[in-house]
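The values are calculated or read from the model by the stated rules, or taken from the named source; none is laboratory data. In this text, all values refer to a predicted model and were calculated from it rather than measured experimentally. Positions of Cβ are generated from backbone atoms using ideal geometry, with glycine treated the same way; all protein chains shown enter the neighbour counts.
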Amino acid sequence: MGHALEPRLAAYIAGQLPAATDVVVSALERISGGASRETYRFVLAWTEGGQARTRKLILRRDPPASLIDTERRVEFEAYRAFRGSAVPVPDMLWLEEGDGPLDHPFFVAEEVAGFQASPQMLLSGAFDAVLPRVAERKWTILGEIAKADPAALGLTQWMDPPPLDGCWRRELDHWEALIDKDAAEPLPVTRAAIRWLRANPPPPAQKLSVVHGDYRTGNFLFDEAGEIHGILDWEMSHLGDPLEDLGWSLQPVWSFGHAGKAGGLCAQDEAVAIWERASGLKADPAALHWWILFNCVKGQGIWVGSAAAFNRGGNRAPIMIYPAWWLINAQDRAMLQVMGRQ
């Protein structure tokens, strides 16, 4: 019994491939994870020029109620901008912004098959010998993202460029507003962090960068040699201060229980040194501290938002409530830890 979306997706793709006949979508299955898009893998088979062909592809579709309101065009263009660069990304094929073909907007991309993303697997002990290599690749690639010129990549037409001295305020305003809207309970630690952030703004951004928005262990594909084959989940990408992404990669909840290790991989100063070498930028310690604390607030905005989506009944998937239940508390502790470093 095939998935109900299979024939509809096949009909859509047939319309995109005028030279193809016998277009068939099979083996469509939902991939767990990803709370703001529904992600499926599938196999596309078709005939072209008398040759039978197949390709493994990914479908990313907007769900009925999302954890984060994101613009699928922005995500699609971010992936496309880095195609063929030092930042490994899957190839984007088609973007559909209408609701007609599959009820919600979606895009189709190649599947970078044969690699793992699970942070639990990476940090299970089995990969310990290659963790230094993973760390080197992870923060080198982030440095490449930071170094890139958003205008040259053609991204300034899809993403608003904030002024260099306004990057921090735009992000803090955005996440504070979401917390105001969605918080189901007082969040005294978060409110204290926001007050401190507003009272102690960071220096202006040293350049305008593409900010991935969720650059962490768990959002890249790795192999047993410690190589990284794809940076995933660009749905929160925007233009801003390059230290924002670095701060997110260093925020304590992404150490996955490996206290004191950035992303569970290496010492924070080591991660920062790799990033500085690759990006050619400087991570001023006080500015970086601001952005790490900001990212604790942003994390809280995401967990609180997912709890609200669950409570409002728009999305009852367990992934919406489990991170909130587990992470709101963990994020408070991380915030206290970061603030205690002052």
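The one condition from (1) touching a residue at least 24 places away in the same chain (Cβ under 8 Å); (2) surrounded by 14 or more Cβ atoms within 10 Å (Cβ to Cβ); (3) more than 30 Å from Trp303 (Cα to Cα); (4) under 25 Å from the mean Cα position of the chain (by Cα) that Arg37 does not meet is (3). Selection of region 157-177 for residues being at pLDDT 95 or above and out of contact with any strand residue (DSSP E or B) (no Cβ under 8 Å at 6 or more places or on another chain) yields Pro163, Leu164, Asp165, Gly166, Trp168, Arg169, Leu172, Asp173, His174, Trp175, Glu176, Ala177.
Of all residues in region 2-28, those satisfying the criterion of being in contact (Cβ under 8 Å) with a residue 60 or more places away in the chain and either loosely packed, with under 12 Cβ neighbours inside 10 Å or not small (Gly, Ala, Ser) (or both) are Leu5, Arg8, Leu9, Tyr12, Ile13, Gln16. Being of a type in the set (Lys, Arg), at pLDDT 95 or above, assigned by TED's automatic domain parsing to the domain that holds Ile228 and closer than 14 Å to Leu131 by Cα is a description that does not apply to Lys282. Can Ala81 be described as touching a helix residue (DSSP H, G or I) at 6+ places or on another chain (Cβ under 7 Å) and either part of a helix (DSSP H, G or I) or closer than 18 Å to Leu243 by Cα (or both)? Criteria not met by Ala81.
Which residue is surrounded by the fewest Cβ atoms within 10 Å (Cβ to Cβ), if the candidates are limited to region 96-112 and must be of a type in the set (A, V, I, L, M) and more than 20 Å from Arg216 (Cα to Cα)?
Looking at residues that are of a type in the set (A, V, I, L, M) and more than 20 Å from Arg216 (Cα to Cα), I get Leu102.
The single condition among (1) within 30 Å of Asn311 (Cβ to Cβ); (2) surrounded by 19 or more Cβ atoms within 10 Å (Cβ to Cβ); (3) of a type in the set (Ser, Thr, Tyr) that Tyr79 does not satisfy is (1).
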